[in-house]
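Participant: Below: one structure in structure tokens.
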Amino acid sequence: MPHFGLFLKRALGAAALGCAMLAPGLAQAQPAPAAASNTFDAVRSRGQLICGVNTGLAGFAQPDSQGVWKGFDSDYCRAIAAAIFGDPSKVRYVPTTAQVRFTALQSGEIDVLSRNTTWTLSRDTVLGLDFAATTFYDGQGFMVKASLGVKSAKELDGATICVQPGTTTEQNLTDWSRANRVRFTPVVIERLEELVSAYIAGRCDAYTTDISGLAATRSAQPKPDDHLILPEVISKEPLAVGVRQGDARFADVVRWTHYLLLSAEEFGITQANVAQMAANDPRPEVQRILGKNGELGKMLGLDNLWAVNVIKAVGNYGEIFARNLTPIGIQRGPNALWTTPGGLQYSPPFR
Amino acid sequence: MSQTTIDPRSLRAPPRRPIRLSWSDERVRAIVWQILVVGLIGAVIWWLWSNTVHNLEVRRIATGFGFLTREAGLPIAENLIPYSPTDTYFRALLIGLLNTLKVAVVGIILATIFGTLIGIARLSKNWLLSKIAGVYIEVIRDLPLLLQLLFWYAILQALPGPRQAMNPVAGVFLSNRGLKLPWIEWQDAHSYALLAFVLGLAYTLLYRRDAIRKRILDGKPRPVWPIAIGCILVLPLVVWYAAGAPFVVDWPALRGFNFRGGLNMSPEYFALLLGLTMYTAGFIAEIVRSGIQAVPHGQWEAAQALGLRPASVLKLVVMPQALRVIIPPMTSQYLNITKNSSLAVAIGYQDIVSIANTTLNQTGQAIEGIAIIMLVYLSISLSISLFMNWYNARIALVER
């Protein structure tokens, strides 16, 4: 029973925090030392990055038929591993549910959380974690059946709305309904598959989650045109990569790996041409990024050719996006580079 | 065996021996061992506790129950007492607790009734009835409960949408949004009438007990029904009439996307209640059957020889004796219903586990959240155990 497995996993995950907290002596013996300040050294000496990802979300993190993790979020795990080890395969993926993800990071079960997690103030402060970089700008929306005849979310007064519990989605929905005086009845189901099937069966009039998730669900339906994503975007959902709090050096590596992917796209460095550009591109910033000039990699505590390794492994930001998210119908939108109108993805200079 | 004779030797005090502070004195040994064990347990608890607190501090994770007074902001579909997302986490958890009790209490009552009927049916001399009961028990007991819940939920979702709702009787609508019934608009007068009903019921029960006691003394029958009608039926009606006799029916009607008004039973609640009741009834049926079969056959024959009708044999002779066997395992089944109700998360019924999980995920305070869930289930389970143990002791006194 997959459901019961999930049930157990969650219970165990919750218990895991308890256990990790309860046994400091044992924690030292675990692969990831609990002391937050030296994740970088711990990852290095272990020779492997332990990366928390989604249990399965098309386009973001999902194992393929060979059991290889594919997706936007898991590509970030591979990029970080390539930056540290020069080898993108030195990653162990730990699937985490929405419920156990923070606990897993707090207790040292994972080194980095790359699992479409919204960056909020309260999560940044009281959960014992830091967000390194926003990898994907998302927003919450609604999907309805086209046959319902609804054209705007404001028309949803009195509707029944399917929503997943325990995420920011639930709170955004109540905030929005209060602000717009739209009354609704929630149907709150944890398993995504059950929730979507409740929406498809007509138990709910509308289904709400991040627009990227709506697009993924819609594209997976036999007739995507029967479903309509309403124009309203009711929240900001900056999906970010998280690390443990007080771990500035490791956070730097994660953050600049993201900026590297952005800069690479900006300068036209791709998986295909990176070797050639590293050898003979005349632009000074490209030379600094790719380690031909200066010691930027060493400043991060990495190999000076880290950037070449990362881009060889996963390509630039645009390539990652095109490989994983474009096929499920997600537009670049705010995730375009800042050089495109409406784009928010912006890297500080490599200098 | 009307009066147990007491062996006088058991009342005699043992000879007193002075305690010697020596290892050879077994009482000294016992005390030393007990202190050691208690001390060890205490030390382990202290060690776990202090480590937890220390590690939480090192990781800068907020602790404590201060979050209970913060605004919850989570939507809850079913609430017995008023709730809005602007209320606190404490109130949200309280709603969750009430939702758990709502399904557990109704489930226990229904499972007991159905289980007993099926258990008796299995012993019936009617071949068809007994076989149907047998098949029911075997099928229901052998399938995982979670599977059954998902099955019922899927069936309820397959009902037509609200705009094509089934409408068997005027005012009753069945759709994939649940069962809608007309209901009276609740006013103070109804609360008073309900109170009168409860008091009347209590008085009737007391009167009945007294009537039976007197009948045992003098053999005269004292009918209970006039008192019952007066107290349970007439009294609440009089109270209701005196309070102004309000009677406004709240008819459910399709407005916009959904039905408004009336009484609603959601598919989530109904699927959970149905699943829990049918599953546990299978076990209870077996407990009832084994309890009845545990009564020696001679008791049946003796009762029949007295000329009692089959129903009276069961009610007056067999059941009182069977109950002694039935009650202890029944307690376990009641505890199971309560704990199994936490499977509600799978089908979206917002019980205490669902709401506490959301709370701990939003606040990040996992240890506190799990502690609350444990406390709730422990309290409910201990209450059920205490009540059932009391009832068991009361039944046991009846034996002669």
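Participant: Apply 1/(1 + (r/R0)^6) to the Cβ-Cβ distance of residue B:151 and residue B:123, taking R0 = 22 Å, and write down the FRET efficiency to the nearest 0.05.
Facilitator: Values: r = 29 Å, r/R0 = 1.30.
It comes to 0.15.
Participant: Place +1 on the Cβ of every Lys and Arg and -1 on the Cβ of every Asp and Glu in the protein assembly as shown, take the dipole about the Cα centre, and give the residue among B:110, B:265, B:349 whose Cα lies farthest towards its positive end.
Facilitator: B:110
Participant: Check the straight Cα-Cα distances from residue A:151 and name the aspartates and glutamates below 19 Å, setting aside those fewer than 8 residues away within the same chain.
Facilitator: Qualifying aspartates and glutamates at Cα under 19 Å: A:205, A:210, A:225, A:226, A:232.
Participant: To continue, here is another question. Calculate one ³J(HN,Hα) per residue across the range B:107-114 by plugging θ = phi - 60° into the Karplus curve 6.51 cos²θ - 1.76 cosθ + 1.60, and present them in order as whole Hz with x for glycine and proline.
Facilitator: The phi angles translate into x, 4, 5, 5, 5, 5, 5, 5 Hz.
Participant: Which residue, A:327, A:95, A:341, tops the fluctuation ranking in a GNM of chain A built on C-alpha contacts under 10 Å?
Facilitator: Highest fluctuation of the listed residues: A:341.
Participant: Going by Cα centres, the range A:49-106 and the range A:208-266 are how many Å apart?
Facilitator: 14
Participant: Please state the shape class of chain A: rounded when a/c is under 1.5, otherwise prolate if a/b exceeds b/c and oblate if not, all from the C-alpha gyration tensor.
Facilitator: oblate
Participant: What are the lysines whose alpha-carbon lies under 29 Å from the alpha-carbon of residue B:315, with same-chain residues fewer than 8 places away excluded?
Facilitator: Partners found: B:125, B:131, B:214, B:220.
Participant: Considering only DSSP beta bridges where both residues belong to the protein assembly as shown, give the percentage that are antiparallel (nearest 5).
Facilitator: Here the share of antiparallel DSSP bridges comes out near 70 percent.
Participant: If you take the charge dipole of the protein assembly as shown about its Cα centre, with +1 on Lys and Arg Cβ and -1 on Asp and Glu Cβ, which of A:91, A:177, B:98 is farthest toward its positive end?
Facilitator: Comparing the listed Cα positions along the dipole, B:98 ranks first.
Participant: Placing +1 at every Lys and Arg Cβ and -1 at every Asp and Glu Cβ, with all other atoms neutral, what dipole size does chain A have around its Cα centre, in debye to the nearest 20?
Facilitator: With Lys and Arg at +1 and Asp and Glu at -1, about 180 debye.
Participant: A further question on this structure: Measuring from label point to label point, each 7 Å out along Cα→Cβ, what is the residue B:302 to residue A:155 span in nm?
Facilitator: 7.7
Participant: Could you calculate the FRET efficiency of residue B:142 with residue A:46 from 1/(1 + (r/R0)^6), where r is the beta carbon distance between them and R0 is 56 Å, rounded to 0.05?
Facilitator: With R0 = 56 Å, the Cβ-Cβ based efficiency is 0.75.
Participant: Now, a different point. Which of the pairs A:154/B:180; A:154/B:102; A:236/B:339 have their Cα atoms more than 30 Å apart in this structure?
Facilitator: A:154/B:102; A:236/B:339
Participant: What length, rounded to one decimal in nm, is gained on full extension from residue B:47 through to residue B:293, with 0.36 nm per residue of separation minus their alpha-carbon distance?
Facilitator: Length difference between fully extended and current span is 83.4 nm.
Participant: While we're looking at this one, here's another question. Can you tell me how chain B classifies by the Cα gyration tensor, rounded, prolate or oblate, using a/c under 1.5 as the rounded cut?
Facilitator: oblate
Participant: Can you give the local net charge around residue B:18? Use residues other than it whose beta-carbon is closer than 11 angstrom to its beta-carbon, Lys and Arg +1, Asp and Glu -1.
Facilitator: Neighbourhood net charge equals +3.
Participant: Can you return the aspartates and glutamates within cross-link range of residue A:298? Criterion is Cα-Cα under 20 Å, with same-chain partners fewer than 8 residues away left out.
Facilitator: Of all the aspartates and glutamates, those that pass the test against residue A:298 - Cα under 20 Å, at least 8 places apart if same chain - are A:41, A:87, A:247, A:252, A:285.
Participant: In the neighborhood of residue B:63, defined by Cβ-to-Cβ distances under 15 Å, what is the net charge if each Lys or Arg adds +1 and each Asp or Glu adds -1?
Facilitator: Taking every Cβ under 15 Å from that of residue B:63, the sum is +1.
Participant: Okay, next question. Treating only the Cβ of Lys, Arg, Asp and Glu as charged (+1, +1, -1, -1), what charge dipole size does the range A:91-221 show about its Cα centre? Round to the nearest 20 debye.
Facilitator: Once rounded to the nearest 20, the dipole reads 360 debye.
Participant: Let me ask another. Between residue A:92 and residue A:344, what's the calculated FRET efficiency when r is the beta-carbon distance and R0 is 35 Å? Round to 0.05.
Facilitator: The value I calculate is 0.65.
Participant: If a/c stays under 1.5 just call it rounded; otherwise compare a/b with b/c (prolate if a/b is bigger, oblate if not). Do that for the range B:128-273, with a ≥ b ≥ c from the square roots of the Cα gyration tensor eigenvalues.
Facilitator: Since a/c reaches 1.5 but b/c is at least a/b, the shape of the range B:128-273 is classed as oblate.
Participant: Now a separate question. Within the range B:67-163, report the trypsin sites (Lys or Arg not before Pro) that DSSP leaves as loop and that have at most 13 other Cβ atoms within 10 Å.
Facilitator: Answer by residue number: B:125.
Coordinate-derived values only; no laboratory data. Only a predicted model underlies this, so the values are computations on that prediction, with no experimental measurement involved. Virtual Cβ from ideal backbone geometry, glycine too; neighbours counted across all protein chains shown.
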